[in-house]
Amino acid sequence: MTRLALALLFAVSAVTVAEDKLVGQPIVEIKLPKDAKPGVKPGKWSEPAKVTSAAELEKLVADEPTRTAIAKAMDLKTHDLLVFCWQGSGQDKLEYAVLESFPEQVPFTLKPGLTDDLRTHVKLFAVRKNVKWSAK
């Protein structure tokens, strides 16, 4: 194959993966633009807001463009939305691992940063409905 043919094949397969991001995946992080307003007040990182329906999403997110972006990124019929919002160091990292096979288990952990700058962190995850998750 020529380089052009390989490049086109790679580009087509990358688009297909991006369109079917949620299919078969136990968890996918949802990236929102910086100007998005998810409407969640900072609390404990280990107590995320769980959204299971469009009505709950509407109650949680008052900003229409943000709500539309979230709805386009996931399907609330097959996945739940976990919204983590906390304040901490700008270097805080929220991590997760996928354990076992069907049905998977997903533990979330927080790696605290070492800087003293206080920042508000917001992370959104689409988690398949039958996946067990925990935050400790």
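Just so it is clear, none of the values below were taken in a lab; they were calculated from the coordinates. As the structure is a computational prediction, the values presented were derived from the model and not from experiment.
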In sequence order, calculated HN-Hα J values of segment 48-64 (Karplus, 6.51, -1.76, 1.60; Hz; x Gly/Pro): x, 6, 10, 10, 10, 8, 5, 5, 5, 4, 5, 5, 6, 10, 7, 6, 4
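Using Cα-Cα distances under 8 Å and only pairs 6 or more residues apart, what relative contact order does segment 21-136 have, in percent? Please list the in-between numbers first.
Working: 217 pairs, mean separation 38.0, N = 116.
For segment 21-136, the relative contact order is 33 percent.
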